[in-house]
Amino acid sequence: AWMIDQAGWKGHQHGRVGVHTDQALVLVNYGDATGAELLALAGEIEKDINHRFGVKLEIEPDVIG
């Protein structure tokens, strides 16, 4: 969570999805977003963190649907 916060992602909104303003590990659907949109944002965050810190993030929960 610290790296996501330090990279400026906490509170970031991209279209209908975003990162929660109080919890950097929570992605939010702001209205009728698709799972693909949510996963695309997660992918952007993963790439950014890898580039900035050299760390590969992994999605913890299983994504269904």
Within the stretch 3-18, residues closer than 16 Å to residue 38 by Cα and either of a type in the set (S, T, N, Q) or in a loop (DSSP other than H, G, I, E, B) (or both) come out as 9, 10, 11, 12, 13, 15, 16
Filter the stretch 25-38 for residues that are more than 13 Å from residue 57 (Cα to Cα) and hydrophobic (A, V, I, L, M, F, W, C) and give the result. 26, 27, 28, 33, 36, 38
Counting only residues that are of a type in the set (A, V, I, L, M), under 12 Å from the mean Cα position of the chain (by Cα), closer than 16 Å to residue 6 by Cβ and modelled with pLDDT of 95 or more, the stretch 25-56 contains a total of 2
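The values are calculated or read from the model by the stated rules, or taken from the named source; none is laboratory data. No experiment lies behind these values; they were computed from the predicted model shown. Don't worry about glycine lacking a Cβ; one is built from the backbone with ideal geometry, like all the others, and counts go over all protein chains shown.
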